[in-house]
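The values are calculated or read from the model by the stated rules, or taken from the named source; none is laboratory data. Only a predicted model underlies this, so the values are computations on that prediction, with no experimental measurement involved. As a convention, Cβ positions derive from the backbone with ideal geometry for all residues, glycine included, and neighbour counts pool all protein chains shown. Please note that ligands, DNA and RNA were not included when accessible areas were found on the heavy atoms of the full protein model with its side chains. Shrake-Rupley method; radii C 1.70, N 1.55, O 1.52, S 1.80 Å.
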Amino acid sequence: MRCPSCSSPDNHLIHNTRDLPYAFHGQSTVLPAVSGYYCPVCGEGVFALSESVRISGLMRAFNRQVTAATLKPGRVDTPTRGRLVRITSLADE
């Protein structure tokens, strides 16, 4: 299989399991043991559907964690289904 990014004719993807770095809003983490086919030239990865679903879940969980740590209750308005909702903590009520 050729790399979808660099398409080098001499370049075939190699199956491997790696820890992948991931960053969101200046915070970083490592997604552990990501199996897929990786390009030895550019590093691009191609993943099975089940692995993509797992990776996406890990990313979303990390994004929620970072977002929750950076939000200040009562100071941010967030659009939710077409309307604005004020974020407050239960201690403020």
Result of the Cβ filter at 7 Å on the stretch 47-68, keeping first residues that are under 21 Å from H15 (Cα atoms) and partners that are among the hydroxyl-bearing types (S, T, Y), at least 6 apart or interchain, is E51/S35
Condition broken by S35, with the remaining ones in (1) at pLDDT 90 or above; (2) closer than 25 Å to S7 by Cα; (3) not in a strand (DSSP E or B) satisfied
(3)
Over the stretch 1-25, the set of residues open to solvent by less than 80 Å² (accessible area, probe 1.4 Å) and in a loop (DSSP other than H, G, I, E, B) is C3, S5, C6, S7, S8, N11, L13
Report, by residue number, each residue of the stretch 54-64 that is touching a Phe, Trp or Tyr at 6+ places or on another chain (Cβ under 9 Å) and surrounded by fewer than 16 Cβ atoms within 10 Å (Cβ to Cβ).
M59, N63
